[in-house]
Amino acid sequence: MTKVLASAQDPMFGLFRVIQDDATLDPAYAAHFSDALLERMYREVLRLRVLDERMLVIQRQGRIGFYGEVKGQEATPIATGLALEADDWIFPALREGAAMLVRGFDLSTYIAQCYGNSCDVNKGRQMPSHYSGRAVNQVSWSSCIGPQVPQAVGVAWAMKLQKKPQIAVGFLGDGATSQADFHNAMNFAAVFKVPCVIICQNNHWAISVPSKAQTAAPTFASKAIAYGMPGVRVDGNDVCAVYWAIREAAARARRGEGPTFIESVTYRIGAHSSSDDPSRYRDEAEVQQWRERDPLDRMRRVMSARGLLTEGAHEVLAAQLDDEIKAAIAVVEQGHQPQRESIFEDVYASLPWHLREQREELLATAPAVTHGGATH
Amino acid sequence: MRELRYREALREAMTEEMVRDERVFIMGEEVGHYQGAYKVTEGMLAQFGEKRVMDTPIAEEGFAGIAIGAAMVGLRPIVEFMTWNFSAVAFDQILSNATKLRQMSGGQFTVPIVFRGPNGAARQTAAQHSHAMETFYAQIPGLKVVVPSTAADAKGLMASAIRDDNPVLVLEDERLYGIKGEVPEGEHLVPIGVAAVRRAGTQCTIATWGKMVPVSLEAAELLAAEGVQCEVIDLRSLRPLDHGTVATSVRKTGRLVIVHEAWPYGGPGAELSDRVQRDCFDSLRAPIVRCTGRDASMPYNKKLEELTIPGSATVTQAVRAVMAY
């Protein structure tokens, strides 16, 4: 049993951390974190923070329809992207899609998934914040809450059957642990002993429902015990801790020792989505407490303590990243509307007669004027 | 030609496809050691081993999701539902995932998968165990839905379903598992989306599927004795729906009776009725009539169950009404 899993000897109450209160790294783990890795972590968390802010602005301007903010929870998606092999499979939930950016997925193509125009690999069919990329083995989560987790287990199982080295990681929130598909995924993963990691981002709120109304168990990690797999509770605002927990769980999976369940304890600083106003159901004082444990601030302090961030460098980098993001948005906004007959593509592997008939009907009508650009 | 039972024909198709393509495997409740609740998978565990004939925990939604994941990365799962009634538990995985992943991802991800099992009433299995589920599934773009009524089609449609790159639902029937029929040896593929004329006739077309095919043929026999020549069409596939074969027949007969076990509200029968009234309006000599299961939950009581499902007597009655119009 490896170190982090040993530290989760108590999934009830243990909390695995690497970044200490004085912004130094726990000496037991410090050797695993080079300056280059720390710089990368810091930069990616900052980029995601800046991206979120920019995307919320354009959502409010009506340029995209919906947006699910990650603010406060950046550590887990960034750590995931850095901890896994490039071809491992990722099934994110609402707030982990950005893992694919860390794995080199093009920023403008990523943003295009919120526009659904000709730059979008999903061809305008999937709602924002449901990011997919075949190029990086990432499959969109299901809006119905939970179904992506058994699918991740299925992928892991297929890897095992085919003796392939890849593992799969499936995400869910604390709310989704009430779903049957959480049970399905946990049970099948353990019974079939598949190479996967199931990660619950416990951000304390499922829209307006607090986590204590979601379960009577002392922690989410403790649920792993009953399924017969290790459960790990990790400080979800500590990028280094999440990174190391995933590294070890992934290594364990790759060694054929089966699945691991990780509870990443974090907090949703922002709203559930652009359609939500959290001030109606939660206390600002609680939010403030968690702001003080902000994953970006903690990473920034680590960087300063190591002498990797000079005075004013943070602001300069934030501005530079925002410029990159604005440039990427400008590229996406050059895109055009998808061709209207594309509605019928990808319904089936090939176009059946009845869809050919409907396509002809559609093309026989005059092109409608659609919002935001030319029609085709 | 040699004869096989319907369940043996299904098994032969699955076995031949598993020999042909090592990516194909079957999973479900009791499919392995127990040989299948209806013995459709009998002997398959011994032939292929536990990695390709997989017994699963009792969790339809769970193993549907697992199989969808496996299908996304290159395997070709056959998922057995002990009966289609239980697929209701897995409905979200079929409706929102298997069916939509290809389209939602812009074709980046595909789900070549077969879901199969017995559909409709068995014998006195009551309200929760007698659903004719085709009405729900035939509605969904992205799915294909086939309903074999003969042993030969059981093999041919199953083989085509396994080779198809889309999610395909094979709706079998517990009451048909034991029937015998001639089945070609070796590769036998029945194209999905092509109906079969089971009996030629000139005066009234009966369009039907699944268990209602033998019921309709029995009715046609009775009607022939009364001098009414019915043409009986087995749709075989409900999505895509071969309304062309039905339209050709209706242009000849001028009359259409649609027979199905599912509830009357909506469904493939209503869909077919809509197509035929549009395509054959000038040929129709009588209103299209649907002879369906009653609009109530299936009773356990044997007599009441018989009254709820269409039988040859109710079909002949419907045809007589159309003829008398």
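The values are calculated or read from the model by the stated rules, or taken from the named source; none is laboratory data. Given the structure is predicted, the values throughout are model-derived calculations rather than measurements. Positions of Cβ are generated from backbone atoms using ideal geometry, with glycine treated the same way; all protein chains shown enter the neighbour counts.
The condition of being closer than 20 Å to residue B:163 by Cβ and surrounded by 18 or more Cβ atoms within 10 Å (Cβ to Cβ) holds for only one of B:11, B:5, that being B:11. The residue that is nearest to residue B:111 (Cα to Cα), among those in region B:82-99 that are among the hydroxyl-bearing types (Ser, Thr, Tyr) and touching a strand residue (DSSP E or B) at 6+ places or on another chain (Cβ under 9 Å), is B:99. Would you confirm whether any residue within region A:318-339 is over 29 Å from the mean Cα position of the chain (by Cα), within 14 Å of chain B (Cβ to nearest Cβ) and within 30 Å of residue B:141 (Cβ to Cβ)? Yes. Being assigned to a helix (DSSP H, G or I) and outside the structural domain of residue B:135 (by TED's automatic domain parsing): is that true of residue B:238 here? Answer is no for this residue. Looking across B:13, B:46, B:70, one residue alone is outside any loop (DSSP other than H, G, I, E, B), small (Gly, Ala, Ser) and within 14 Å of another protein chain (Cβ to nearest Cβ). It is B:70. Scanning region B:163-192 for residues that are within 14 Å of another protein chain (Cβ to nearest Cβ) and either modelled with pLDDT under 95 or crowded, with 20+ Cβ neighbours inside 10 Å (or both) returns B:166, B:167, B:168, B:169, B:192. When you look at residue B:8, is it more than 8 Å from every other protein chain (Cβ to nearest Cβ), closer than 26 Å to residue B:121 by Cα and not in a helix (DSSP H, G or I), yes or no? Answer is no for this residue. Screening residue A:248 on (1) out of contact with any strand residue (DSSP E or B) (no Cβ under 7 Å at 6 or more places or on another chain); (2) closer than 13 Å to residue A:262 by Cα; (3) part of a loop (DSSP other than H, G, I, E, B) shows it passes everything except condition (3). Per the conditions (1) under 14 Å from the mean Cα position of the chain (by Cα); (2) at pLDDT 95 or above, the sole criterion not satisfied by residue A:142 is (2).
Let's see how each residue does on (1) among the acidic types (Asp, Glu); (2) out of contact with any helix residue (DSSP H, G or I) (no Cβ under 7 Å at 6 or more places or on another chain):
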residue: A:171; (1), (2): no, yes
residue: A:181; (1), (2): yes, no
residue: A:189; (1), (2): no, no
residue: A:201; (1), (2): no, no
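Scanning region A:63-85 turns up no residue that is of a type in the set (Gly, Ala, Ser), surrounded by fewer than 16 Cβ atoms within 10 Å (Cβ to Cβ) and either modelled with pLDDT of 95 or more or out of contact with any Pro (no Cβ under 7 Å at 6 or more places or on another chain) (or both). Pairing residues of region A:348-374 that are modelled with pLDDT under 70 with residues that are not in a helix (DSSP H, G or I), at Cβ distances under 6 Å and at least 6 apart in sequence or on separate chains, gives A:370/A:337; A:373/A:336; A:373/A:337; A:374/A:336. Only one of these is part of a helix (DSSP H, G or I), modelled with pLDDT of 95 or more and within 28 Å of residue B:168 (Cβ to Cβ): B:313, B:318, B:247. Name it. Criteria check complete, one pass: B:247.
Contact map, region B:289-310: residues that are on the phi > 0 side of the Ramachandran plot paired with residues that are surrounded by 12 or more Cβ atoms within 10 Å (Cβ to Cβ), Cβ distance under 7 Å, separation 6+ or inter-chain. No pairs are found.
Give the residues of region A:115-161 that are facing chain B (nearest Cβ under 7 Å), among the polar types (S, T, N, Q) and not in a loop (DSSP other than H, G, I, E, B), sorted by residue number. The one that is facing chain B (nearest Cβ under 7 Å), among the polar types (S, T, N, Q) and not in a loop (DSSP other than H, G, I, E, B): A:151. Check region B:293-306 and report whether any residue there is closer than 21 Å to residue B:234 by Cβ, assigned by TED's automatic domain parsing to the domain that holds residue B:211 and out of contact with any Asp or Glu (no Cβ under 9 Å at 6 or more places or on another chain). Checking region B:293-306: not a single residue is closer than 21 Å to residue B:234 by Cβ, assigned by TED's automatic domain parsing to the domain that holds residue B:211 and out of contact with any Asp or Glu (no Cβ under 9 Å at 6 or more places or on another chain). Among (1) over 21 Å from the mean Cα position of the chain (by Cα); (2) closer than 20 Å to residue B:161 by Cα; (3) at the interface with another protein chain (Cβ under 10 Å from one of its Cβ atoms); (4) part of a helix (DSSP H, G or I), which single condition is residue B:64 missing? Single failed check for residue B:64: (1). For region B:101-135, the candidate set comprises residues that are surrounded by 24 or more Cβ atoms within 10 Å (Cβ to Cβ) and part of a helix (DSSP H, G or I); within that set, the residue that is farthest from the other protein chains (Cβ to nearest Cβ) is B:134.
Taken together, the residues in region A:171-204 that are in a loop (DSSP other than H, G, I, E, B), surrounded by fewer than 24 Cβ atoms within 10 Å (Cβ to Cβ) and in contact (Cβ under 8 Å) with a residue 60 or more places away in the chain amount to 2.
Could you please find all residues in region B:79-100 being within 14 Å of chain A (Cβ to nearest Cβ) and under 16 Å from residue B:172 (Cβ atoms)? Outline the logic, then answer.
First, the residues of region B:79-100 that are within 14 Å of chain A (Cβ to nearest Cβ): B:79, B:86, B:88-100.
B:79, B:86 - these are the residues of region B:79-100 that are within 14 Å of chain A (Cβ to nearest Cβ) and under 16 Å from residue B:172 (Cβ atoms).
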